[in-house]
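A short reminder: the numbers here are calculations on the coordinates, not readings from a lab. Just so we're clear, the structure is a prediction, and the values are computed from it rather than from any experiment. FYI the Cβ positions are ideal-geometry reconstructions off the backbone, even for glycines, and counts take in every protein chain you see.
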Amino acid sequence: MTNPGDSDEWWKQYGGSGVSPESGAPGSVPQYPQQQPSQPSNYPSTPQYPQQPGQPPSQPQYPNYQQPSAPQYPQPQQPPAYGGYPAGGGYQPYGGFPPPQGTNGLAIGALVSSLVGLCTCIGSIVGIVLGIMALNQIKERGGEGRGMALAGIWIGAITIVLGILYFVFVFVLGMSGAFDSSTSTY
């Protein structure tokens with residue numbers, strides 16, 4: 001067993017019956033047909049293909065499917081009789097109720113500037129002016145933010161009043177001599 005191909009296991013694995021290829025047994029060596037070279041071949045040298053038929057095969061016929069029709073949209077409704085209310089829902093491009101508005105920007109500005117006015121007097125004045133403008137816009141156009149506008153006005157007004165009282169208090173104390181250093185007792 002010096003050559004790797006001489007093993008019996010190899011022949012068993014590939015369908016052999018356990019004999020070596022040198023034995024010449026019918027199951028161990030493939031058998032090829034013997035052809036006489038002197039005998040002429042019945043086959044032509046080039047392969048012959050069958051002729052194409054004159055008519056090509058017809059295409060398969062599929063059932064006729066109808067195209068889907070266009071989607072049906074609801075027709076617009078007639079306006080209600082005089083004194084009635086329009087039907088709810090749907091998009092009304094002209095007229096109808098205006099879309100809901102958000103919070104008025106001037107009302108937000110009034111509240112913020114009035115809160116800033118707790119530190120500076122200018123913010124309170126701006127908050128009062130913006131609050132009054134916001135109330136006028138809300139009355140004319142509608143919308144939300146009336147409470148913020150009123151809060152901006154009230155906070156601004158209270159801040160200005162407290163600022164004025166503070167300056168009056170300091171002025172009165174200054175005039176009375178409470179801060180006078182000449183009357184000290186050492």
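If you take all C-alpha pairs in the range 105-176, what percent of them are over 20 Å apart? That fraction is 34 percent. With a Förster radius of 22 Å applied to the beta-carbon distance between PHE171 and VAL116, the computed FRET efficiency rounds to 0.30. Here each label is just a point 7 Å from Cα along the line to Cβ, and for GLN59 and ASN136 those points are 7.7 nm apart.
If we count every other residue with Cβ under 14 angstrom of LEU106's Cβ, Lys/Arg +1 and Asp/Glu -1, where does the sum land? Taking every other residue near LEU106 into account, the sum is +1. Computed from the C-beta positions of LEU162 and ALA70, the FRET efficiency with R₀ = 41 Å rounds to 0.05.
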